[in-house]
Amino acid sequence: MQLQFTYTTLFILLTGACLGGPIPLRAHETATGDHAYHRERGAVANIVSCSDSGWTVGVAYLRERPSPELVKEVDVMVRVWGGLPSGKHAVHIHETGACQPCSAARGHFDPGPNSNANPDGNHPFHAGELRNIHINEKGGGLLWTVTSRVSLSDGPVSLFDADGSAFIIHVQPDSYCPDGPVPGCAGGARAACGAIRLLE
């Protein structure tokens, strides 16, 4: 079952998660002290199962805060309501905005002159690294975090390059590879995927 998320649906999901109040959903311009204007941007991803691509298991939402600086803070919310086993699962942003099959999302988002998208090649220093999400016994989970490693606007760490980006939720947790590039330390196989699209 594929779901379409409107601004109203996202508003209900976000405010219902008790995150301290609603998050503005429409891109808008905010004045800074020097009277310049900088856009607040939002993006969304429908998270679908990798084993059953017709089944939506959750949603992800990103909000880039207005800033005159190149490096911006991005609020990230991932909400899962079913389809994943209980326990911790790695959550990463991957380098291509495609999920059919989930391998189409390719490696970890890691732009730059020394980029290495191999899951164990530059872990945990990929730009797309996020915290684990904890799924409860009923199959629900909520990840709320902030990153300055990516942006939704133009620039070298933008998620909206030529081929876009996607969320991947992995089968296993991310150990952050404290012992170096040990196979599977970055979460192993892919459980769910969501191509990221910009909200206008």
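Residues in region 134-145: is at least one within 29 Å of V182 (Cβ to Cβ), in a loop (DSSP other than H, G, I, E, B) and hydrophobic (A, V, I, L, M, F, W, C)?
no
Filter region 121-135 down to residues that are open to solvent by 70 Å² or more (accessible area, probe 1.4 Å) and at pLDDT 95 or above and give me whichever is farthest from the chain's Cα centre (by Cα).
H134
If A98 satisfies every condition in (1) open to solvent by less than 20 Å² (accessible area, probe 1.4 Å); (2) in contact with a helix residue (DSSP H, G or I) (Cβ under 7 Å, 6 or more places away or on another chain) but one, which is the exception?
A98 satisfies every listed condition except (1).
Restricting attention to region 161-200, and to residues there that are within 22 Å of V74 (Cα to Cα) and either free of Cβ contacts under 8 Å to residues at least 60 places away in the same chain or among the β-branched types (V, I, T) (or both), which single residue is most open to solvent (accessible area, probe 1.4 Å)?
Step by step, filter region 161-200, then rank; the result is A162.
Which of (1) part of a loop (DSSP other than H, G, I, E, B); (2) surrounded by 19 or more Cβ atoms within 10 Å (Cβ to Cβ) does A117 not meet, given it meets every other one?
(2)
In region 86-97, which residues are assigned to a loop (DSSP other than H, G, I, E, B) and either closer than 27 Å to G155 by Cβ or in contact with a Cys (Cβ under 9 Å, 6 or more places away or on another chain) (or both)?
The answer is A90, E95, T96, G97.
Within region 161-180, does at least one residue satisfy the condition of being polar (S, T, N, Q), part of a strand (DSSP E or B) and under 11 Å from the mean Cα position of the chain (by Cα)?
First, the residues of region 161-180 that are polar (S, T, N, Q): 165, 172, 175.
Going one step further and asking which of them are part of a strand (DSSP E or B), we end up with none.
The answer is no, given that none of the residues of region 161-180 is polar (S, T, N, Q), part of a strand (DSSP E or B) and under 11 Å from the mean Cα position of the chain (by Cα).
Residue pairs, Cβ under 8 Å, 6 or more apart or interchain, first in region 89-116 and in contact (Cβ under 8 Å) with a residue 24 or more places away in the chain, second of a type in the set (F, W, Y) and open to solvent by less than 10 Å² (accessible area, probe 1.4 Å). List them.
Partner pairs satisfying both residue conditions: V91/F167; H92/F109; H92/F167; I93/F109; I93/F167; H94/F109; H94/F167; E95/F109.
F109 versus (1) surrounded by fewer than 18 Cβ atoms within 10 Å (Cβ to Cβ); (2) within 17 Å of the chain's Cα centre (by Cα): which is the lone unmet condition?
For F109, the failing item is (1).
Yes/no matrix, rows are residues, columns are (1) touching a strand residue (DSSP E or B) at 6+ places or on another chain (Cβ under 6 Å); (2) among the hydroxyl-bearing types (S, T, Y):
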position	(1), (2)
Y61	yes, yes
P66	yes, no
S86	yes, yes
I133	yes, no
N136	no, no
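Filter region 70-85 for residues that are part of a loop (DSSP other than H, G, I, E, B) and crowded, with 20+ Cβ neighbours inside 10 Å and give the result.
K72, G83, L84
Among the residues of region 139-157, write down those that are surrounded by 15 or more Cβ atoms within 10 Å (Cβ to Cβ), in contact (Cβ under 8 Å) with a residue 40 or more places away in the chain and at negative phi.
Residues satisfying the conditions are G140, G141, L142, L143, W144, T147, V150, S151, L152, S153, V157.
Would you mind telling me which numbered condition in (1) touching a His at 6+ places or on another chain (Cβ under 9 Å); (2) open to solvent by 50 Å² or more (accessible area, probe 1.4 Å) H89 fails?
Of everything listed in (1) touching a His at 6+ places or on another chain (Cβ under 9 Å); (2) open to solvent by 50 Å² or more (accessible area, probe 1.4 Å), H89 misses just condition (2).
The values are calculated or read from the model by the stated rules, or taken from the named source; none is laboratory data. Note that this is a predicted model, so its numbers are computed, not measured. Neighbour counts run over all protein chains shown; Cβ positions are idealised from the backbone, glycine included. Quick note on the areas: whole protein, heavy atoms, side chains included, nothing else; ligands and nucleic acids left out. Shrake-Rupley method; radii C 1.70, N 1.55, O 1.52, S 1.80 Å.
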